[in-house]
C-alpha cells in the first residue's frame with residue numbers, strides 16, 4: 001500500500017489526466033461579452049475574478065479531516081446499499097425482496113455515479129493522497145471508461161462550457177439544444193431521441209465519448225479510436241458480467257434468476273434517467289446561456305468565471321436531494337470550482353449568489369420539476385424550424 005501511495009503522489013506509474021486545452025488571457029476582454037455580462041467593465045470582471053479566487057482559496061485552506069471523513073462515509077454507505085441490494089435480489093422471487101433489492105441497488109448506483117464517480121474523477125479528493133479515492137485510479141459503475149469521460153468532460157466541456165461549436169455537450173451530437181444550431185428535418189425527432197436517451201443514458205455517453213464526429217473530421221486518429229473502442233469493449237463486458245450475468249446466475253440457485261436480471265436492468269435504467277435529468281437541469285433550462293466563439297476569444301479568468309455562472313443552472317431542494325445529485329444541484333458552483341470537494345458547494349452557494357446580485361448577473365435556480373420541465377420544453381421547441389429566418 002505504501003508503494004502505491006508513493007506512485008500516486010509522484011504520478012509516475014499512473015496516467016496523468018490530460019490538461020485542459022486553451023489558455024486564458026492575462027488582461028483585456030473577449031471580442032464580444034455575452035449579453036448578460038455586456039454591462040461589466042474589464043476592471044469589474046477582473047475584480048469579480050479575484051473575489052471568486054479568494055472563495056476557492058478559502059475552501060482549499062479549510063479542507064481536511066471533516067471532508068475526508070465525509071467521502072469515506074458516502075463510500076461505505078454506497079457499498080452497503082449495493083451489497084444489500086444484490087443480496088436481496090438473490091431471493092427476488094419474493095416481491096418484497098425484489099422491491100427492496102432493486103431500490104437499494106438503484107440508490108447505490110446513483111450515489112456511485114453522481115456523488116462518488118463524477119466528483120472523484122474531477123480530482124476533488126486527490127489532495128487526500130488515498131490511492132483508492134483518486135482521479136487517476138477510480139473506475140466508476142458507468143459503461144463509459146473513466147479516462148475517456150475525463151477527456152470529453154473535464155478537459156473539453158468544462159473548458160468550453162456551452163460554447164456552440166466548441167462544447168459538443170450542447171446536444172451530445174444528437175439533439176438540437178440551441179437556436180444557433182442550424183435546424184434540420186432530423187431535429188423533428190428531438191423529443192423522441194431524448195426520451196429514448198434517458199433510460200440508456202450511460203450508453204449514449206459511452207458512444208459520445210468515442211468522439212466519432214472528430215474521427216470523421218480527421219481530428220482523431222484511427223489508432224486513437226481503436227484504443228477507445230477496446231477500452232469501451234472491456235468496460236462494457238465488465239458491466240454486463242457484473243449486472244446481467246453474475247448476479248442473475250447466483251440468483252438462479254434460488255429460482256430468482258429472471259427476477260434478478262429484471263432488477264439489475266431496472267436499477268440501471270433508474271440511475272440513467274436520474275443522471276439524465278440532473279445533467280439536463282444543470283445545462284439546458286431557461287436562464288442557462290450559450291455562447292459564440294467570439295465570446296471566448298480573448299477571455300480572461302474573470303470572463304471564464306462569468307461564463308460558468310451564466311451558462312449553468314442550479315436545482316433547489318433538500319440536503320438529501322443535493323446528495324443524490326452528487327451536489328450537481330449546485331451546478332453553478334461546480335462549474336466555477338470543479339475541483340473543490342462537493343460537500344462544500346452548499347457553503348459557497350450563498351456567496352456566489354450574492355456576487356451575482358452585486359454584479360447584476362443572473363443566478364439561475366429552481367425546483368427539480370420546474371427545471372426538468374424547462375429543459376424538456378426546450379427539447380420540444382427546438383425540434384421545430386425557427387419561426388423567423390436568421391440573418392447573416
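Under the condition of being more than 20 Å from residue 172 (Cβ to Cβ) and not in a helix (DSSP H, G or I), the residues counted in segment 101-154 number 15. Looking at residue 56, is it part of a helix (DSSP H, G or I) and under 30 Å from residue 360 (Cα atoms)? Against the criterion (part of a helix (DSSP H, G or I) and under 30 Å from residue 360 (Cα atoms)), residue 56 qualifies. Within this structure, residue 217 fails the test of being without any contact (Cβ under 8 Å) to a residue 60 or more places away in the chain and at positive phi. Of everything in segment 291-320 that is exposed (fewer than 15 other Cβ atoms within 10 Å of the Cβ) and assigned to a helix (DSSP H, G or I), the residue that is farthest from the chain's Cα centre (by Cα) is 294. Scanning segment 201-224 for residues that are in a helix (DSSP H, G or I) and over 15 Å from residue 173 (Cβ atoms) yields 202, 222, 223, 224.
A short reminder: the numbers here are calculations on the coordinates, not readings from a lab. Note that the structure is predicted; figures quoted are calculated from it, not measured. Heads up, the Cβs are rebuilt from the backbone with ideal geometry, glycines too, and the neighbour counts pull from every protein chain shown.
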